[in-house]
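Visitor: Pasting in a structure now, in structure tokens, and then I'll have a few things to ask.
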Amino acid sequence: MPGVVLPAHQYHLPLIKQQLVSKNQNKNSNENIPYIPPEIIRIILNLLKDDKKTLAACALVNHTFNLHVTPILYHSVSFSFSYPFTFISFANTIIDESQRSQLIRHLDLSSFSIIGLQKSKKSMATIENIATPNLIIQILRYCTMLESFSVSESLESAITFEVLQVLAFECKNIKTLDFCGLASKQFNSALTSLTEVMGYVKIFWYYENGIPTYSFQKVNYEALPHLKRLSLHECPIISETSIITLLAHSPNLTHLDLGGCSISDLTLNFLANETNIPQTLTHLLLAKCKNISSENIAALVAECKRLEVLNLYGDRDYATAINEYDLITILTSPSAKKFKNLDIGSSHITPNVLHTIQENCSALRHLGISKARIQSITYLVNFLKAIPNLEYIDLTGVQCMTPLNVASLINNLQKDHSLHIIEMSESLVNKLGSIDKWKTNKNYSRRWYFSKQTYRPDRVHSRKLDMAEYGPEGMSKIFQYYSFDR
């Protein structure tokens, strides 16, 4: 086998050489160990990238293992601020130590959340005193190869204008900025100041044939051409002008999460007509955006050429839900054949919409159609039979779903059908028993699932884009909260 050195047999050696080998057997015992190519070691250790404890143990095996493990350990750094002093230890380790700091690609400061955890003001004060803006700036300046920065509401007081300036203008390798749940006036003020320094997009309002309309003056230069992924998930206080300015300065985005932001059709119009983003975007999340219209959502998606993930899930009322005509526009858009993950929950979903999905979305794996207006289980059975590669479906609040109909749906699926997770309402799931290897899954309290026994559904279909590309299992607790909370 190439690359593996096996020890020679002693009877092939001259007698004197045999004696030398015998004398030095203890000294040269490593010669009897087969040589493993470093590429193989790297592949094996990379399989452990999500198991930090095991990696830390591997680093102590020998110098070779340490050499390969260290870059993996430092590639993605995150903290549990339940033990905030680990952050100080980390800062002391990398500041003035360029070799380690340059290994860091993803810095995740989002792992601690006060949401739902009833943390005391004293705990928060401790965190704020440790993770100060000045310390974060120092870390960012030493992490010259940083590609991804994530932060949540627990540290929003530390995300000042000065920190944002360093992220925008000094971190030249940054590809991902993920701000989750930042809803303070201070953060809004800091972001407003940043967009002023970048250069605002000017918006001109006027009347055309008695109809109020608007136009945009483009920015003189683009400050963030290197940025690929941007999330302002559940940041409702940010002004729409600031969001539009950030988008104007980020022409090469592939992932955009504006879920829960206070945007209107102005933002959608700007994206569709004034940026190159429809040509580059593969992931778009507009979940729970209440002030955007059905018509303008469809117009934006129709301009997008590469979308694979589209999430329009919302708590819209009947009057503001995406109507059937606009849904069909979305489902016949250039991206429709590329959709892998689609959530149109709370929209006007009819049998005609299901038929359009069936005809156009051949790559679909995850589908959300909560509150669909489907009266007969037959429509759903025939629909699922026509999409044998579908793995997940959200049927929460679908009118025809009853315990009897769930059993009928499962029994009518082909044995080789890929479906293994059905999301439903809590009241319905609690009435179900085991059906042909399917069972109720109660691992996660905020959403309810009926799934095949071998699958964990609680990380499958998130409602926050995974900006770091580590998969839901690698998401921090704050991101999991926002992803799976209804």
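Visitor: Looking at the stretch 52-64, I want the residues that are assigned to a helix (DSSP H, G or I) and have a partner that is not aliphatic (A, V, I, L, M) with Cβ atoms under 8 Å, at least 6 apart or on another chain. Which pairs are those?
Guide: Hits for this filter: Leu55/Lys49; Cys58/Phe65; Thr64/Pro38.
Visitor: Further question on the same structure: Could you figure out which of (1) touching a residue at least 40 places away in the same chain (Cβ under 8 Å); (2) within 23 Å of Ile174 (Cβ to Cβ) isn't true of Thr275?
Guide: Looking at each condition in turn, Thr275 falls short on (1).
Visitor: Considering each of Ile292, Ile297, Ile237 in turn, give the residue that is of a type outside the set (Gly, Ala, Ser) and part of a helix (DSSP H, G or I).
Guide: Going through Ile292, Ile297, Ile237 in turn, the sole match is Ile297.
Visitor: Can you pull out every residue in the stretch 167-193 that is of a type in the set (S, T, N, Q), under 17 Å from Met145 (Cα atoms) and part of a helix (DSSP H, G or I)?
Guide: none
Visitor: How about the stretch 90-107: which of its residues are within 28 Å of the chain's Cα centre (by Cα) and either surrounded by fewer than 19 Cβ atoms within 10 Å (Cβ to Cβ) or at pLDDT 90 or above (or both)?
Guide: Phe90, Ala91, Arg100, Ser101, Gln102, Leu103, Ile104, Arg105, His106, Leu107
Visitor: Got a sec? Which of Thr402, Thr396, Thr378 is in contact (Cβ under 8 Å) with a residue 12 or more places away in the chain, out of contact with any Phe, Trp or Tyr (no Cβ under 9 Å at 6 or more places or on another chain) and β-branched (Val, Ile, Thr)?
Guide: Only one candidate qualifies: Thr402.
Visitor: Let me ask another. What is the residue count in the stretch 278-292 for residues that are hydrophobic (A, V, I, L, M, F, W, C) and in contact (Cβ under 8 Å) with a residue 60 or more places away in the chain?
Guide: Summing the residues that are hydrophobic (A, V, I, L, M, F, W, C) and in contact (Cβ under 8 Å) with a residue 60 or more places away in the chain in the stretch 278-292 gives 2.
Listed here are the residues, each with its yes/no results for (1) of a type in the set (Phe, Trp, Tyr); (2) farther than 21 Å from Ser150 by Cα; (3) in contact with a Gly (Cβ under 9 Å, 6 or more places away or on another chain); (4) modelled with pLDDT under 95.
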{"position": "Ile238", "(1), (2), (3), (4)": "no, no, no, no"}
{"position": "Ser242", "(1), (2), (3), (4)": "no, no, no, no"}
{"position": "Leu246", "(1), (2), (3), (4)": "no, no, no, no"}
{"position": "Thr254", "(1), (2), (3), (4)": "no, no, no, no"}
{"position": "Leu258", "(1), (2), (3), (4)": "no, no, no, no"}
{"position": "His283", "(1), (2), (3), (4)": "no, no, no, no"}
{"position": "Ala298", "(1), (2), (3), (4)": "no, yes, no, no"}
{"position": "Arg306", "(1), (2), (3), (4)": "no, yes, no, no"}
{"position": "Leu312", "(1), (2), (3), (4)": "no, yes, yes, no"}
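Visitor: Of all residues being surrounded by fewer than 22 Cβ atoms within 10 Å (Cβ to Cβ) and of a type in the set (Gly, Ala, Ser) in the stretch 265-293, which is farthest from Thr332 (Cα to Cα)? Just the residue, please.
Guide: Step by step, filter the stretch 265-293, then rank; the result is Ser293.
Visitor: Shifting gears a bit: Does any residue of the stretch 331-350 turn out to be without any contact (Cβ under 8 Å) to a residue 40 or more places away in the chain and farther than 21 Å from Leu300 by Cα?
Guide: Within the stretch 331-350, one or more residues are without any contact (Cβ under 8 Å) to a residue 40 or more places away in the chain and farther than 21 Å from Leu300 by Cα.
Visitor: Moving to a separate point now. Here are Ser215, Ser154: which of them is touching a residue at least 40 places away in the same chain (Cβ under 8 Å), touching a strand residue (DSSP E or B) at 6+ places or on another chain (Cβ under 9 Å) and over 24 Å from His283 (Cβ atoms)?
Guide: Ser154
Visitor: Within the set of pairs 6+ apart or on separate chains, which have a first residue in the stretch 254-266 that is over 12 Å from Leu285 (Cβ atoms), a second that is among the basic types (Lys, Arg) and part of a loop (DSSP other than H, G, I, E, B), and C-beta atoms under 6 Å apart?
Guide: Cβ pairs passing all conditions: Thr254/Lys228.
The values are calculated or read from the model by the stated rules, or taken from the named source; none is laboratory data. Small disclaimer: the values here were computed from a predicted structure and weren't measured. Virtual Cβ from ideal backbone geometry, glycine too; neighbours counted across all protein chains shown.
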